[in-house]
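Here's the structure we're looking at; comments come further down.
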Amino acid sequence: QKEVEQDPGPLSVPEGAIVSLNCTYSNSAFQYFMWYRQYSRKGPELLMYTYSSGNKEDGRFTAQVDKSSKYISLFIRDSQPSDSATYLCAMSGVAGGTSYGKLTFGQGTILTVHP
Amino acid sequence: DGGITQSPKYLFRKEGQNVTLSCEQNLNHDAMYWYRQDPGQGLRLIYYSQIVNDFQKGDIAEGYSVSREKKESFPLTVTSAQKNPTAFYLCASSIGGNYGYTFGSGTRLTVV
C-alpha cells in the first residue's frame with residue numbers, strides 16, 4: 001500500500017463548477033501538507049501549504065486537513081479553463097522523523113475544466 | 001530572477017550509456033532533490049541532499065548517482081544499470097526542513 005493515495009482521475013468539469021480533489025495517507029507522522037499544480041510538460045508549483053489539521057483559504061482555493069481521518073482535500077471554486085492541470089498532494093513529517101524534509105507525493109489528479 | 005534551471009529539456013540515450021542531467025539553482029537553498037515522474041505514479045524520490053558534500057538515497061536510487069560539490073549544483077547521472085530510465089526527471093530545492101519545494105521545468109529522458 002502506498003503511503004499517499006490520490007485518485008488519478010481524469011476529472012472533467014464545466015467552467016464555474018466546484019472541484020474537490022482528495023488524498024488519503026497512512027503515515028501518522030505527516031504534519032505538513034501541500035498541494036502542487038503542474039501544467040503539461042512543466043515542473044510543479046506550490047499552490048497551498050498547511051500545517052496539521054484545519055482549513056486554509058487563498059482566493060478560489062481552499063485546503064482542508066483532517067488528521068483524524070488521514071484525509072486532505074483541495075477545493076477550487078468557480079473553476080476556470082486555466083485551472084486545467086495535474087494536481088499533486090504532498091506531505092512530510094516532523095523533525096527527527098524519517099519523513100522530515102522529504103515530501104511524499106500522491107499520484108496526481110488530472111483536471112480539465114471545459115468552457 | 002531566482003529559480004532552478006534544468007538542462008537539457010529533452011535527452012535521448014542509447015541503451016548502455018550513462019547520461020548526466022544538470023540542475024542549477026540560484027535561490028541560495030540548502031536542500032536539493034531529484035524526483036522521477038512516470039504516468040500514474042506521481043513523483044518518486046531518487047536522491048536528496050540537505051547540505052553540500054552530503055546526500056542520501058531516496059526510494060528508487062538504484063541505477064542513479066549524484067554529487068553535491070557546490071551549493072548551487074546537484075547533477076544526476078543515470079547509469080546503464082538503470083533498467084527503465086525513460087521518464088520525466090524533476091529537480092527541486094528548498095530552504096530545508098518542511099518548507100515547500102521550488103521545482104525546475106524538468107528533463108524528459110528517452111532511451112532509444
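The values are calculated or read from the model by the stated rules, or taken from the named source; none is laboratory data. Since the model is a prediction, treat every value here as computed from it, not as a measurement. For neighbour counting, all protein chains shown are included, and Cβ atoms are generated from backbone atoms with ideal geometry for every residue, glycine included. Quick note on the areas: whole protein, heavy atoms, side chains included, nothing else; ligands and nucleic acids left out. Shrake-Rupley method; radii C 1.70, N 1.55, O 1.52, S 1.80 Å.
The figure for B:Asp54 is an accessible area of roughly 60 square angstrom, using a 1.4 Å probe on the protein chains alone.
Of B:Val66, B:Val52, the residue with the largest accessible area leads and the full order is B:Val52, B:Val66 (1.4 Å probe). Within 10 Å of the Cβ of each residue in A:101-109, the mean number of Cβ atoms contributed by other protein chains is 6.
Within chain A, the proportion of C-alpha pairs whose separation exceeds 24 Å stands at 21%.
Counting lysine pairs in the protein assembly as shown that sit 8 or more residues apart in sequence, or on different chains, and whose Cα atoms lie under 17 Å apart gives 7. B:Arg13 sits with roughly 10 Å² accessible to a 1.4 Å probe, with DNA, RNA and ligands left out of the calculation.
Our summary gives segment B:1-41 a relative contact order of 45 percent, counting only alpha carbon pairs under 8 angstrom and 6 or more residues apart. With contacts taken as Cα pairs under 8 Å and at least 6 residues apart, chain A reaches a relative contact order of 37 percent. Comparing B:Gly16, B:Gly97, B:Gly63 in a Gaussian network model of chain B, where Cα atoms under 10 Å apart are tied by springs, the biggest mean-square fluctuation is seen for B:Gly97.
Counting only protein heavy atoms and a 1.4 Å probe, the protein assembly as shown has 47 square angstrom of accessible area per residue. Using the Cα coordinates of chain B, the gyration tensor eigenvalues translate into equivalent-ellipsoid semi-axes of 22, 14, 13 Å, sorted from longest to shortest.
The share of accessible area on segment A:1-78 that comes from carbon and sulfur is 46 percent, using a 1.4 angstrom probe.
Using a probe of 1.4 Å on the protein chains alone, the accessible area found for B:Glu72 is around 80 Å². When the other protein chains are added to the chain by itself, burial of at least 30 square angstrom of heavy-atom accessible area (probe 1.4 Å, ligands and nucleic acids ignored) affects these residues of segment B:95-112: B:Gly97, B:Asn98, B:Gly100, B:Tyr101, B:Phe103. Each 5 Å bin from zero up to the one holding the largest Cα-Cα distance in segment A:13-75 carries the following percent of pairs: 4, 15, 27, 23, 18, 9, 3, 0. Computed over all pairs of different Cα atoms, the Kirkwood value for the hydrodynamic radius of the protein assembly as shown is 18.0 Å. Among the residues of A:38-45, the average count of other protein chain beta-carbon atoms within 10 Å of the residue beta-carbon is 6.
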